Amino acid sequence: MEARIAQVAVKAGVSIATVSRAFAKPDLVSEKTRKRVYAAAEALNYSISRSATAMKTGRSFRIALLISEDISTWFNANLFSGLNATLGAAGYDIVIYQIETPQERRSFFSTLPVRRNADAVIVSSFAIEPNETQRLRSIHVPIIGINPPSAEACDASIGIDDRAGMREMTEYLLALGHTDIAYVSPIITTKLSHSAEARALGFHDACDGAGTPVRARELFFDERSDHPMERMAGQLVSLGPDMPTALCCYADMCALPLAFALTRHGIAVPERVSLTGFDDATYAEQYGLTTMRQDPRALGEIAARKALDLIDGDAPDEPHGLADLQLIPRLTTGPLAR
């Protein structure tokens, strides 16, 4: 091991310590030096021993990522990309745990301290309980929240203000003259508390605070059913003249298929009904969907940096923060037709 790492150091023209840092803590080595070290290592067919490094440092070089939806969703895929870009460069692997019930969540937090196979835990978009995390803190495993409904149980967090974002979106529809607005969201089937649930509160905040009377409705769909947005479009069409003039969808993954379904039912968007989403996900721009933009990849990068700071025993510059949202008006919204 020593002879091989010494050979890499000689070939790269650096010290053995620099070679070690280039693999274990690449953020502490300049990009130019890292490239020289990696090129020398590749030329010599050198590979660092993860187990040896773990024994030396007491670290597993693994990060546990807890999600409640499939990793292939737009949000999770982009979030993972941001996490991996930063953690991978620092020599860490990400192990994904899909948590769907409070029982699974409690089981994870009760067994991880025994296994001790993660240096930090990142929890995305659902709530955790402070009493479930006490054992991790006792063994100095930090917990980082991404969009936590409450940051109380997290050592650090980064997220968006879902409530404020949906309030701004609804206020935009009100400014266009719409006073008959429906909030469209799925029936809550999970027993976990999710951050996106706060968006409904923002919708009602805007409607309740409007200067004129507003008819605010909530319409629910079962996302486990076949073609839920076709069903929702049929439900809206059946209202006839009582159909809302604007639809405020909780997410783009609802808004985009609903827009297509309404068009197939002969309902013009935005001439008959304005429609908005939330996320600025894939195809939102191509379709011309008015939405609230967030950047899950950036959230992942920020969360990863906070995790690395905490693993090293350093306090992040801003332990708990909020990322900016941006209202993106496009073609699916327009003034109320008089």
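The values are calculated or read from the model by the stated rules, or taken from the named source; none is laboratory data. For clarity, every value in this text was computed on a predicted model and none was experimentally measured. Neighbour counts are summed over all protein chains in view; Cβ atoms, including those assigned to glycine, are modelled from backbone coordinates with ideal geometry. These accessible areas exclude ligands, DNA and RNA; they are computed on the full protein's heavy atoms, side chains included. Shrake-Rupley method; radii C 1.70, N 1.55, O 1.52, S 1.80 Å.
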Taking the chain and counting helices only, DSSP H stretches of n ≥ 4 at -39,500 (n - 2.57) each over all residues, the nearest-500 ellipticity at 222 nm comes to -13000 deg cm²/dmol
Candidates Leu173, Leu219, Leu65; GNM for the chain (alpha-carbon contacts under 10 Å) flags as most fluctuating Leu219
The helix 162-175 Cα axis meets the longest alpha-carbon principal axis of the chain at an angle in degrees, between 0 and 90 and rounded to 10, of 30 degrees
Longest principal axis of the chain (C-alpha) makes with the long axis of helix 198-208 (C-alpha) an angle, in degrees to the nearest 10, of 40 degrees
Checking Asp162, Asp295, Asp242 against a Gaussian network model of the chain (alpha-carbon springs below 10 Å), the top fluctuating residue turns out to be Asp242
For segment 162-293, dividing by residue count, accessible area per residue (probe 1.4 Å) in Å² works out to 44 Å²
Simple SL model, points at 7 angstrom along Cα→Cβ for Ser238 and His140; separation in nm is 6.1 nm
Of 126-132, 145-151, ordering from highest average Cβ density within 10 Å down gives 145-151, 126-132
If unit charges are put on Cβ atoms (+1 for Lys and Arg, -1 for Asp and Glu) and the dipole of the chain is taken about its Cα centre, the option from Ala303, Gly209, Gly91 lying farthest towards the positive end turns out to be Gly91
Taking Cα atoms only, helix 296-311 is inclined relative to the longest principal axis of the chain by an angle, in degrees rounded to 10, of 40 degrees
Over all directions, segment 5-48 yields a Cα convex hull whose mean projected area in nm² is 2.4 nm²
Taking a label point 7 Å from the Cα of Leu219 along Cα-to-Cβ, the residues of segment 149-191 whose backbone nitrogen sits under 14 Å from it are 180-187
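What whole-number value in Å² describes the accessible area per residue of segment 5-48 for a 1.4 Å probe? Numbers along the way, then the final one.
Details: 2590 Å² over 44 residues.
Per residue, segment 5-48 has 59 Å² of solvent-accessible surface.
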Here the cysteines of the chain lacking a cysteine partner under 4.7 Å (Cβ to Cβ) are Cys154, Cys207, Cys248
Computed over the Cα atoms of segment 152-200, the Rg and Dmax in Å are 14.2, 44
Number of Lys pairs in the chain closer than 30 Å at Cα, excluding neighbours under 8 places apart unless interchain, is 13
Summed over the other residues with a beta carbon less than 15 angstrom from that of Ala315, with K and R at +1 and D and E at -1, the charge totals -3
Along principal axes, largest first, the alpha-carbon spread of the chain in whole Å comes out as 81, 41, 38
Residue separation between Ala298 and Tyr97 times 0.36 nm, minus their alpha-carbon distance, gives in nm 70.3 nm
Placing each pseudo-label 7 Å from Cα in the direction of the beta carbon, Arg59 and Ala6 end up separated by a distance in nanometres of 2.7 nm
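Within the accessible area of segment 162-293, what % is carbon and sulfur when the probe is 1.4 Å and the other protein chains stay in place? If you can, show how the numbers build up before the last one.
On the way: 3130 of 5840 Å².
Here carbon and sulfur together make up 54 percent of the probe-accessible area.
In whole percent, what relative contact order does the chain give with Cα contacts below 8 Å and a gap of six or more residues? Please list the in-between numbers first.
Numbers: 595 pairs, mean separation 58.4, N = 338.
Computed value for the chain: 17 percent relative contact order.
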